[in-house]
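Q: This is the structure, below, for whatever I ask next.
The values are calculated or read from the model by the stated rules, or taken from the named source; none is laboratory data. Note that the structure is predicted; figures quoted are calculated from it, not measured. Note that we place each Cβ from the backbone using ideal geometry, even for glycine, and neighbour counts take in every protein chain shown. Ligands, DNA and RNA are stripped out before the accessible areas are found, and what is left, the full protein with its side chains, is counted by its heavy atoms. Shrake-Rupley method; radii C 1.70, N 1.55, O 1.52, S 1.80 Å.
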Amino acid sequence: PQKKSFHRSQTLGYKNGFAFSRLPTVGIGGERLYVNQLSQAELDELSNMRPTLTYGQAKQAPPSGFVPAHVAFDKKILKFDAYFQEDVPLSAEEHYRIRQVCIYYYLEDDSMSVIEPVVHNSGLLQGKLVRRHRVPKNDRGDHYHWKDLNRGMNITIYGRTYRIVDCDPFTQVFLESQGIELNPPEKMVSDPYTELRQLPVRKYVTPSDFDQLKQFLTYDKQVLRFYATWDDTNSMFGENRPYIIHYYLADDTVEVREVYKKNDGRDPFPILIKRQRLPKTFVDKKKTFPSCVLEISDQEVLEWYTAKDFAVGKSTTLLGRTFFIYDCDEFTRNFYRDKFGITDFQPVEIKKKPREEVQQVIPPYNGFGVLEDSLQNCFSLLPKPPRKDITKMLENHHKVLRYQVALESPNPEDRKRRFILSYFLSNDMISIYEPPVRNSGIIGGKYLGKTRVAKPGSTTENPTYYEPSDLTIGSTIEVFGHRFVITDADEYVLNYMESNAESFPAATLQSLRDHFRPRQVVKETGNSDIPTLGTSKQELDELIAQVQEELKLHKYLNNKDIQEAFLQCDEDGSGILEKAKFLALCDSLSVPTNAFLVNKLINLCSCGEDKINYHDFLRAFPS
């Protein structure tokens, strides 16, 4: 009860920066400890120091030298024999193949490599399959160690499973020295397709009943020659071609040579079938036997072609082609007469089959290009442009007949459109141009390029094109589905047709004359009326100048609108309007017709009683 301190003494401390432990000197409550308390480690050390206390400190042996792993295991490699199975999906003869490899483990740095021995003419990329490095074992970052390798086990390297079947003696001794129990070795698995392709040992058997050397010495340089034909006219582009068949008596070989003629257009390749023994009858074989890619031997052939199989007047099938023999040479006749007793060598006359004339069918016109130019593609592989009439082109160079046409359409906006149709006399081509009109909403310009336009109902066999005689005033022409009505023509058209009246119908010429007669009457009356009224061109110009000065007071007049209104009102473009229509148009444009000078100008521009030439009147309204 008198004790006040119940803690334990501190036994841990630091000296010169190092931690150390010491024995306690006082116990619980602060009582001093007189018993020497030693630790178990110190007691063990004192118990083992009896010889040292008796004989003194023993001399310690020097430590052994340190040898690094790359020196201790330098050039020490563990070798394992293994194989892996590879699928072959695109082959009918093999479904998988066995590939034998060697796995090397390098003890100096725990690296591995996989090498496949190179097999000559295997067609595979062989050699080093896995380069030397530390091979990962799993996804946790571990690598393969020599302790993981043993015989009779599977090892997976980068998704490919290898089967280890055996190892070399050094590997076996090393693993046994490390305490690893090795599995018994397995037999290396071979590739079934490689074993299938190994040919048996060839045996040479010389027949005793036939001596080839005697045949060679007896019939050397003796050749039977037959003249034959191969009829291939039943196939496309086939023909009946002559050949020469040579039969060599020295070794029973056959050769077929082609017969070429001068300038026959064929390549100089004279041999159709090279000199070889030709099979006549094959041994029954399976349909899957690849006879087209393998050399034919005596095992596949039951009978070969001999001299007995060739005769004049008979057909012989050589490698799938049937040759008809129609004649032979003199040496061949003597050989068959002496050897086989055949005396009938009457040559067969070859009659050529008449060629069937194939009627040329011209396809329908597709609408692209000119008909005559497109038609040349049906007559020649390298088409030539159609011939042109050079005389006509030179005589009618730069001669163009121009007409004004209107579009015939159910659309009201298209009826007001006016076009210029140009007919080129040099090549009978037509082009159509639309003059641009402001604020019409239609973009003018080229409507149809230069081309020949066929009449409706014409065919590709007998096309008919538009001619100048078809272009009359009021006639309708159809241009690629669009109908145009001729409303006016150039005066040059009338002058050209009158100068060449014998080339055009009278109806065409009369329609143009009827169209231009009112204009000629206006010109004649205008030329005759001016002198009688006592006015000259100078007086007319002075009157127009006075009218312009008077109209300057009327600032509300728009001269440009006035000119466009008169031109649009003149539908036929003759320059002449009826007087009532003229006065109504002036009133709609607010032109002061009641003024004295304006009224005088209207009287001077009158052509008769109810006609007015508005061209001179518009000179008073300059734009």
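Q: Being polar (S, T, N, Q) and assigned to a loop (DSSP other than H, G, I, E, B) is the filter; apply it to segment 127-170 and report the residue that is nearest to F80 (Cα to Cα).
A: Applying the filter and picking the extreme gives N150.
Q: From S440, S426, grab the single residue that is assigned to a loop (DSSP other than H, G, I, E, B), more than 20 Å from G481 (Cβ to Cβ) and at pLDDT 90 or above.
A: Exactly one residue qualifies, and that residue is S426.
Q: Next question. Within segment 100-120, is there a residue that is open to solvent by 40 Å² or more (accessible area, probe 1.4 Å), farther than 26 Å from L149 by Cα and out of contact with any Phe, Trp or Tyr (no Cβ under 6 Å at 6 or more places or on another chain)?
A: Looking for residues that are open to solvent by 40 Å² or more (accessible area, probe 1.4 Å), farther than 26 Å from L149 by Cα and out of contact with any Phe, Trp or Tyr (no Cβ under 6 Å at 6 or more places or on another chain), one finds at least one in segment 100-120, hence yes.
Q: Restricting attention to segment 408-437, and to residues there that are over 24 Å from G369 (Cα atoms) and touching an Asp or Glu at 6+ places or on another chain (Cβ under 8 Å), which single residue is surrounded by the most Cβ atoms within 10 Å (Cβ to Cβ)?
A: So the residue we want is R417.
Q: Okay, next question. Checking L381 against (1) hydrophobic (A, V, I, L, M, F, W, C); (2) assigned to a loop (DSSP other than H, G, I, E, B); (3) more than 45 Å from the chain's Cα centre (by Cα), which single condition isn't satisfied?
A: Tallying (1) hydrophobic (A, V, I, L, M, F, W, C); (2) assigned to a loop (DSSP other than H, G, I, E, B); (3) more than 45 Å from the chain's Cα centre (by Cα), L381 fails exactly one: (3).
Q: Applying the selection to segment 337-392, what residues are in contact with a helix residue (DSSP H, G or I) (Cβ under 8 Å, 6 or more places away or on another chain) and not β-branched (V, I, T)?
A: Scanning segment 337-392 gives K339, F340, F345, Q360, P363, Y365, N366, F368, P383, K384, P385, P386.
Q: For T317, all conditions in the list (1) closer than 26 Å to Q212 by Cβ; (2) in a strand (DSSP E or B); (3) out of contact with any Asp or Glu (no Cβ under 9 Å at 6 or more places or on another chain); (4) not small (G, A, S) hold save one; what is the number of the exception?
A: With respect to (1) closer than 26 Å to Q212 by Cβ; (2) in a strand (DSSP E or B); (3) out of contact with any Asp or Glu (no Cβ under 9 Å at 6 or more places or on another chain); (4) not small (G, A, S), T317 is out only on (1).
Q: Also, quick follow-up: In the set R337, R387, R417, which member is within 30 Å of F310 (Cβ to Cβ) and charged (D, E, K, R)?
A: R337
Q: Of the residues that sit in segment 196-234 and are surrounded by 11 or more Cβ atoms within 10 Å (Cβ to Cβ) and among the β-branched types (V, I, T), which one is farthest from I350 (Cα to Cα)?
A: Looking at the filtered set, the residue picked out is T218.
For (1) exposed (fewer than 11 other Cβ atoms within 10 Å of the Cβ); (2) modelled with pLDDT under 70; (3) assigned by the TED database to the domain that holds V485, each residue gets a yes or a no:
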position: V547; (1), (2), (3): no, no, no
position: L557; (1), (2), (3): no, yes, no
position: I576; (1), (2), (3): no, no, no
position: A580; (1), (2), (3): yes, no, no
position: L589; (1), (2), (3): no, no, no
position: L604; (1), (2), (3): no, no, no
position: H615; (1), (2), (3): no, no, no
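Q: Among the residues of segment 177-197, is any in a helix (DSSP H, G or I) and more than 21 Å from V119 (Cβ to Cβ)?
A: Looking for residues that are in a helix (DSSP H, G or I) and more than 21 Å from V119 (Cβ to Cβ), one finds at least one in segment 177-197, hence yes.
Q: Now for a separate question. Which of the residues belonging to segment 253-282 are within 21 Å of F216 (Cβ to Cβ) and hydroxyl-bearing (S, T, Y)?
A: T253
Q: Output the qualifying pairs, or none if there are none: Cβ atoms under 9 angstrom, residues six or more apart or on different chains, first residue in segment 121-141 and at positive phi, second residue surrounded by fewer than 14 Cβ atoms within 10 Å (Cβ to Cβ) and part of a loop (DSSP other than H, G, I, E, B).
A: Every condition considered, the pairs that remain are G127/P117; G127/V118.
Q: Of all residues in segment 467-481, count the ones that are more than 24 Å from N411 (Cα to Cα) and without any contact (Cβ under 8 Å) to a residue 40 or more places away in the chain.
A: Residues that pass the stated criteria total 3.
Q: Then there's this: So how many residues does segment 373-386 have that are without any contact (Cβ under 8 Å) to a residue 60 or more places away in the chain and either open to solvent by less than 100 Å² (accessible area, probe 1.4 Å) or within 15 Å of R452 (Cα to Cα) (or both)?
A: The total comes to 8.
Q: Can you name every residue in segment 482-502 that is open to solvent by 60 Å² or more (accessible area, probe 1.4 Å) and either free of Cβ contacts under 8 Å to residues at least 24 places away in the same chain or not hydroxyl-bearing (S, T, Y) (or both)?
A: Answer for segment 482-502, where residues must be open to solvent by 60 Å² or more (accessible area, probe 1.4 Å) and either free of Cβ contacts under 8 Å to residues at least 24 places away in the same chain or not hydroxyl-bearing (S, T, Y) (or both): H482, R483, E491, N495, E498, S499, E502.
Q: Same structure, new question: Within segment 7-22, does at least one residue satisfy the condition of being outside any loop (DSSP other than H, G, I, E, B), modelled with pLDDT of 80 or more, surrounded by fewer than 10 Cβ atoms within 10 Å (Cβ to Cβ) and among the charged types (D, E, K, R)?
A: yes
Q: Moving on to the next point. Here are the criteria: (1) of a type outside the set (S, T, N, Q); (2) open to solvent by 60 Å² or more (accessible area, probe 1.4 Å); (3) modelled with pLDDT under 95. Tell me which single one G141 does not satisfy.
A: That leaves (2) as the condition not met.
Q: Still on this structure, please answer the following. Could you check segment 252-271 and list, in sequence order, the residues that are in a strand (DSSP E or B) and either on the phi > 0 side of the Ramachandran plot or among the acidic types (D, E) (or both)?
A: Result: E255, E258.
Q: If you don't mind, there's one more thing I want to ask. Could you go through segment 235-247 and let me know if any residue there is modelled with pLDDT of 85 or more, surrounded by 15 or more Cβ atoms within 10 Å (Cβ to Cβ) and assigned to a loop (DSSP other than H, G, I, E, B).
A: No, the conditions are met nowhere in segment 235-247.
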